[in-house]
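To keep things clear, I will list the structure first and then write my remarks on it.
Read-outs throughout are calculated quantities, based only on the coordinates presented, and are distinct from any laboratory measurement. Treat the numbers as computed from the prediction; the structure is a model and nothing was measured. Heads up, the Cβs are rebuilt from the backbone with ideal geometry, glycines too, and the neighbour counts pull from every protein chain shown.
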Amino acid sequence: ETGVTQSPTHLIKTRGQQVTLRCSSQSGHNTVSWYQQALGQGPQFIFQYYREEENGRGNFPPRFSGLQFPNYSSELNVNALELDDSALYLCASSFWDRGTEAFFGQGTRLTVV
Amino acid sequence: QQQVKQSPQSLIVQKGGIPIINCAYENTAFDYFPWYQQFPGKGPALLIAIRPDVSEKKEGRFTISFNKSAKQFSLHIMDSQPGDSATYFCAAEGSNYKLTFGKGTLLTVNP
């Protein structure tokens, strides 16, 4: 098991609602990335945070936003939920200077109904 | 645009067999190639990784072969066991530290 923890593990929301997912990074890691994994697919990069600022974004609309806190933990917020947002959301932490060896949490399974 | 292509989509081998999973990439700026293993309900776990200045890397029963000129790399699992049954993802990373994943290979190792 990695030291990356995500909460909650499962979540059911209604279309149009807003959701906040949380991630605690591994000790010593200062960079957090978020990925969306649809069923049967590989993870897709949403965005990355370093020093509390967004440092790169994938092909996701602005209703996907995030935060990184001084202790390097992070939140992913999704507004105006759509059915297609149903997926496993993964948080990965790493150490910026190496920029490699990303360690993933167990994910949050979001279901939008 | 799929920047990392992975094959096969699924693979079944007998215990002790050597499954091989292949990946090809397009972006020559990629400089780090990890493989992840994922069990149902879990996040991906880093298995082994390679950089393009090395043609082969072994860690335990897992071996990565890398062909820079062909822009291809593969994972070999020696003496596969039923516990290796999982989904395997190749990935590639460039200077922006963003991982681009393949679509995954579902490996089943029969007893």
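Might you report the magnitude of the Cβ-based charge dipole of the stretch A:54-113 about its Cα centre, with Lys and Arg at +1 and Asp and Glu at -1, to the nearest 20 debye?
Working: 4 positive and 7 negative charges, 7 e Å.
The calculated dipole for the stretch A:54-113 is roughly 40 debye.
From the phi of every residue in the stretch A:105-112, what ³J(HN,Hα) in whole Hz does the Karplus formula 6.51 cos²θ - 1.76 cosθ + 1.60 yield, where θ is phi - 60° and glycine or proline is x?
x, 7, x, 10, 8, 9, 10, 10
Enter the mean number of other protein chain beta carbons within 10 Å of the beta carbon of each residue in B:86-97, as an integer.
Working: counts 0, 2, 0, 4, 1, 3, 0, 4, 1, 1, 5, 13.
Shielding by partners across B:86-97 averages 3.
Give me Rg/Rg_expected for the stretch A:1-65, where Rg uses Cα atoms only and Rg_expected = 2.2 N^0.38 Å with N residues. Intermediate values should be presented prior to the final figure.
Values: Rg = 13.0 Å, N = 65, 2.2 N^0.38 = 10.7 Å.
Cα Rg divided by the expected 2.2 N^0.38 Å: 1.21.
Could you work out how far the C-alpha centroid of the stretch B:39-91 sits from that of the stretch A:1-40, in angstrom?
25
Could you give the size of the charge dipole of the protein assembly as shown about its Cα centre, using +1 on the Cβ of each K and R and -1 on the Cβ of each D and E, expressed in debye and rounded to the nearest 20?
Working: 19 positive and 18 negative charges, 69 e Å.
Roughly 340 debye, rounded to the nearest 20.
Would you please calculate the Kirkwood hydrodynamic radius of chain A over all C-alpha pairs and express it in Å, rounded to one decimal? Kindly include the intermediate steps, with their values, before the conclusion.
On the way: mean 1/r = 0.0722 Å⁻¹.
This gives a value of 13.9 Å.
How many Cβ atoms of partner chains, on average, are near each residue of A:30-42 if near means within 10 Å of its Cβ? All intermediate terms of the calculation are to be shown ahead of the outcome.
Details: counts 0, 1, 0, 3, 0, 5, 0, 6, 0, 0, 5, 5, 16.
Taking the mean over all residues of the peptide, I get 3.
Considering all projection directions equally, how large on average is the shadow of the alpha-carbon convex hull of the protein assembly as shown, in square nanometres? Let's see the in-between values first.
Working: hull surface 48.2 nm².
Computed as one quarter of the Cα hull surface, the answer is 12.0 nm².
Arrange A:33, B:85, A:94 by Cβ neighbour counts within 10 Å, fewest through most, would you? Walk me through the numbers before you get to the answer.
Values: A:33 28, B:85 15, A:94 24.
Fewest-to-most Cβ neighbours within 10 Å comes out as B:85, A:94, A:33.
Quick one: what are the phi-derived ³J(HN,Hα) couplings along the stretch A:60-69, Karplus 6.51/-1.76/1.60 with θ = phi - 60°, whole Hz, x for glycine and proline?
Whole-Hz 3J(HN,Hα) from phi for the stretch A:60-69: 10, x, x, 5, 8, 9, x, 9, 10, 9.
Can you run phi through the Karplus equation (6.51, -1.76, 1.60; θ = phi - 60°) for the stretch B:63-74 and list ³J(HN,Hα) in whole Hz, with x for Gly and Pro?
Once θ is set to phi - 60°, the couplings for the stretch B:63-74 become 10, 9, 10, 10, 10, 5, 5, 8, 6, 9, 8, 9 Hz.
How many nm is it between the label spots at residue A:83 and residue B:65, if each spot is 7 Å from the Cα in line with the beta carbon?
Distance between label points: 4.5 nm.
Given springs between every Cα pair under 10 Å in a Gaussian network model of chain B, which of B:100, B:28, B:63 has the largest fluctuation?
Looking only at B:100, B:28, B:63, the biggest GNM fluctuation is shown by B:28.
Counting partner chain Cβ atoms within 10 Å of every residue's Cβ in A:103-110, what's the average?
Values: counts 4, 8, 3, 3, 5, 1, 1, 0.
Mean inter-chain Cβ contacts per residue within 10 Å come to 3.
Of all DSSP beta bridges in the protein assembly as shown, what percent run antiparallel (nearest 5)?
Working: 69 of 78 bridges.
Roughly 90 percent of the DSSP beta bridges within the protein assembly as shown come out antiparallel.
Order by neighbour count: A:14, A:20, fewest other Cβ atoms within 10 Å first, most last.
Values: A:14 8, A:20 14.
Lowest count first: A:14, A:20.
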